[in-house]
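One structure is given here, and the rest of the page talks about it.
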Amino acid sequence: MVGAGSSGAVIAARATERADREVLLVEAGPDYPPRVTLPSDLVDGTRNSINAHDWGFSYFPMPGHKPFVYPRGKVVGGSSAVNTCIALRGQPYDYDEWAALGLPEWSFEKCLPALKRLEDDQDVQNRWHGRGGPLPIRRHPPEELAPFQVAFMEACRALGFPACPDQNDPDPFGVGPQPMNKLGGVRMSAARCYLGEDVRRRDNLTIRPHTSVRRVLFHNGKVTGLEVETSGKIEVLATNHVVLAAGAIATPGILIRSGIGPRDLLERLGVDVVSDIPAIGARLLDHPGSLALFVPRSYEFASIRHPLIQTVLRYTSEGSPFPSDMQLQPFSFFAWPGNYMPLVGISCCVGKPRGHGRITWTSADPSAKPRIELDIILHPDDRACAVEAMELAGHVARTKPMRDLVVPFWPNDRVLRNRAEISRWIEWSSGSGYHPSGTVPMGPEGDPEAAVDGRGHVRGVSGLVVADASIMPTIVSTNTNVTALMIGERFGEWLRDGGL
């Protein structure tokens, strides 16, 4: 197993439930076993960890723009160990969309058992939710909400949006608390929830941290080993079966270095071609997001001590065939450089973007970073959705529950009242939702836009499976972490039971 993140940790835990399945879990970052003190940035689920356990990637949001930081967790637990703990599922139509592309095993009906199996929903008990799973999910009750979160929900209700107590209902709409995988502010990562002491005691599981993967080795198209580097020492681990779950940025890079990818790129990098697959890295999917900032009228209203995210509004963009495809989300604080008092913000997330980015490589050196271009709102439909969302953010700020509490800061109120002005401003306020996916997409046999089949088998070789967010053929309309955990659940089950 390569990668101990949201998918890899789950696969390793599920596969080793069967004693005759031996797993070596290789992770580039550090490991913090249960009895070791966890660094504070990994404990704190009220905000992202950006620097301390990060790969150091950056991305270009639009042509001609400067690069932005693209945080990805480099630690056992992966990005689930550094994110803001939003535990939104994809909607049924997201998974049914995959089935309609020729992947019947990925319909909502087929995915629901794994979505239920992974969770311990502490608030909602019905046929859509699970109890007793590894991942605790809860929603902040009213008494825990930060002041800006309360005001945001009241403002949305004043605009006529209904209350939505369960944003993981199959038909979510309206404003309500986010389902989150944190307890008492402590992040419940894949490492904490799936790789506890009982799992680590298994004789058939070995976790090897601080070990980067250089490439997969082949002979006549069959996997023969994994070339890894630990503390400057390069060695080959002999194996005939490799599961790649290094994430949507790192997984395609490993494939490229292994000779799997577009022929012209491999030849340009001086890598021997093992399998010519044009789809690898060709489409990087992510959620475009924009952020409007506001100045609080009182010191008590915003504080960096408040949880960053607690609530969300789900609604349908104008003319969209996808219900509740948009998110509007309040930020309890935003630290503007040089500002003496935290600001607050309202962000949007375009759930079903039409555009996509790409990943390219200029070197086959394993330490070289890829060039990541997102073209985040280059597609006119995506820009229109983001503009509509920021106009709605202005409406929210002008409601009675809000207008005496905050003043528009960036952009000003005049801009927020005019879509043409918002469209000009929004190019410079838009960026990634930090949900990379789709770089090694799955598809049916003969699909020229696919790199793997419905169970992650890489085209043109044997013994190699991809099992992380890379394989999503389209992006789900929500945050991607729970879907990545679900992918791990399904591949772990298949690996355990002989389905791979």
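The values are calculated or read from the model by the stated rules, or taken from the named source; none is laboratory data. Just so it is clear, the structure is predicted and the values come from calculations on it, not from any experiment. Cβ atoms come from the backbone with ideal geometry, glycine included; neighbour counts cover every protein chain shown.
Against the definition (touching a Ser or Thr at 6+ places or on another chain (Cβ under 8 Å) and more than 22 Å from residue 389 (Cβ to Cβ)), how does residue 283 come out, yes or no? It would help to see each step written out before you state the result.
Working: touching a Ser or Thr at 6+ places or on another chain (Cβ under 8 Å): yes; more than 22 Å from residue 389 (Cβ to Cβ): yes.
Yes; evaluated as a whole, the condition is true for this residue.
For the range 121-129, state whether one or more residues are farther than 25 Å from residue 480 by Cβ, crowded, with 18+ Cβ neighbours inside 10 Å and either outside the structural domain of residue 7 (by TED's automatic domain parsing) or not polar (S, T, N, Q) (or both).
No, the range 121-129 has no match at all.
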Checklist entry - Tell me, which residue of the range 261-277 that is out of contact with any helix residue (DSSP H, G or I) (no Cβ under 8 Å at 6 or more places or on another chain) and either of a type in the set (S, T, N, Q) or part of a helix (DSSP H, G or I) (or both) is surrounded by the most Cβ atoms within 10 Å (Cβ to Cβ)? => result 275
Next on the checklist: Any residue at all in the range 96-115 that's touching a Gly at 6+ places or on another chain (Cβ under 9 Å), of a type outside the set (S, T, N, Q) and on the phi > 0 side of the Ramachandran plot?
Outcome noted: yes
Item to check | strands (runs of 3 or more DSSP E) lying entirely in the range 198-248 (those with 3 or more residues that are of a type in the set (A, V, I, L, M)) | outcome: 211-219, 222-230, 233-238, 242-244
Checklist outcome for this item: Of (1) crowded, with 18+ Cβ neighbours inside 10 Å; (2) more than 24 Å from residue 7 (Cα to Cα); (3) of a type in the set (Val, Ile, Thr), residue 199 fails just (2)
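Give the residues of the range 156-184 that are in a helix (DSSP H, G or I) and surrounded by fewer than 23 Cβ atoms within 10 Å (Cβ to Cβ), sorted by residue number.
Quick first cut of the range 156-184, residues in a helix (DSSP H, G or I) only: 156-158.
Within the range 156-184, 157, 158 meet the criteria.
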Item to check | Search result, residues across the range 250-260 that are in contact with a strand residue (DSSP E or B) (Cβ under 7 Å, 6 or more places away or on another chain) and either within 20 Å of residue 53 (Cβ to Cβ) or assigned to a strand (DSSP E or B) (or both) | outcome: 251, 254, 260
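Within the bounds of the range 382-393, is there any residue that is free of Cβ contacts under 8 Å to residues at least 12 places away in the same chain, farther than 21 Å from residue 301 by Cβ, surrounded by 18 or more Cβ atoms within 10 Å (Cβ to Cβ) and of a type in the set (Val, Ile, Thr)? Outline the logic, then answer.
Restricting attention to the range 382-393, the residues satisfying the condition of being free of Cβ contacts under 8 Å to residues at least 12 places away in the same chain are none.
For the range 382-393, residues free of Cβ contacts under 8 Å to residues at least 12 places away in the same chain, farther than 21 Å from residue 301 by Cβ, surrounded by 18 or more Cβ atoms within 10 Å (Cβ to Cβ) and of a type in the set (Val, Ile, Thr): absent.
Which residues, taken from the range 286-306, are farther than 13 Å from residue 152 by Cβ and touching a Cys at 6+ places or on another chain (Cβ under 9 Å)?
Step one: of the range 286-306, the residues farther than 13 Å from residue 152 by Cβ are 286-291, 293, 295, 297-300, 303-305.
Of everything in the range 286-306, those that are farther than 13 Å from residue 152 by Cβ and touching a Cys at 6+ places or on another chain (Cβ under 9 Å) turn out to be 287, 288, 289, 290, 291.
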Item to check | Given (1) touching an Asp or Glu at 6+ places or on another chain (Cβ under 8 Å); (2) within 21 Å of residue 309 (Cα to Cα), number of the condition residue 132 does not satisfy | outcome: (2)
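Please go through the range 446-476 and pick out each residue that is of a type in the set (Asp, Glu) and more than 26 Å from residue 324 (Cβ to Cβ).
So the first thing to find is which residues in the range 446-476 are of a type in the set (Asp, Glu), and the list is 447, 449, 453, 468.
447, 449, 453, listed by residue number.
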Checklist entry - Does the range 290-301 include one or more residues that are part of a strand (DSSP E or B), modelled with pLDDT of 95 or more, on the phi < 0 side of the Ramachandran plot and of a type in the set (Gly, Ala, Ser)? => result yes
Checklist entry - Before we move on, is residue 247 surrounded by 18 or more Cβ atoms within 10 Å (Cβ to Cβ), out of contact with any Lys or Arg (no Cβ under 9 Å at 6 or more places or on another chain) and either free of Cβ contacts under 8 Å to residues at least 40 places away in the same chain or not charged (D, E, K, R) (or both)? => result no
Checklist entry - Within the range 225-244, how many residues are in contact with a Gly (Cβ under 8 Å, 6 or more places away or on another chain) and surrounded by fewer than 17 Cβ atoms within 10 Å (Cβ to Cβ)? => result 6
Checklist entry - Does residue 325 fit the bill of being among the acidic types (Asp, Glu), surrounded by 16 or more Cβ atoms within 10 Å (Cβ to Cβ) and at positive phi? => result no
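Quick check on the range 191-198. Is at least one of its residues in contact (Cβ under 8 Å) with a residue 40 or more places away in the chain, aliphatic (A, V, I, L, M) and within 19 Å of residue 115 (Cβ to Cβ)?
In the first step, residues of the range 191-198 are kept if they are in contact (Cβ under 8 Å) with a residue 40 or more places away in the chain; the result is 191-197.
With aliphatic (A, V, I, L, M) added as a condition, the list becomes 191, 195.
Cutting the leftovers down to within 19 Å of residue 115 (Cβ to Cβ) gives us none.
Checked against the condition, which is being in contact (Cβ under 8 Å) with a residue 40 or more places away in the chain, aliphatic (A, V, I, L, M) and within 19 Å of residue 115 (Cβ to Cβ), the range 191-198 yields no hits at all.
Using the structure shown, decide if residue 411 is surrounded by fewer than 24 Cβ atoms within 10 Å (Cβ to Cβ) and not assigned by TED's automatic domain parsing to the domain that holds residue 79. So that I can check it myself, show each step before the final result.
Details: surrounded by fewer than 24 Cβ atoms within 10 Å (Cβ to Cβ): yes; not assigned by TED's automatic domain parsing to the domain that holds residue 79: yes.
Judged against the criteria, residue 411 is a match.
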Checklist entry - Which of the residues spanning the range 46-86 are modelled with pLDDT under 95 and either of a type in the set (S, T, N, Q) or surrounded by 22 or more Cβ atoms within 10 Å (Cβ to Cβ) (or both)? => result 46, 48, 49, 51
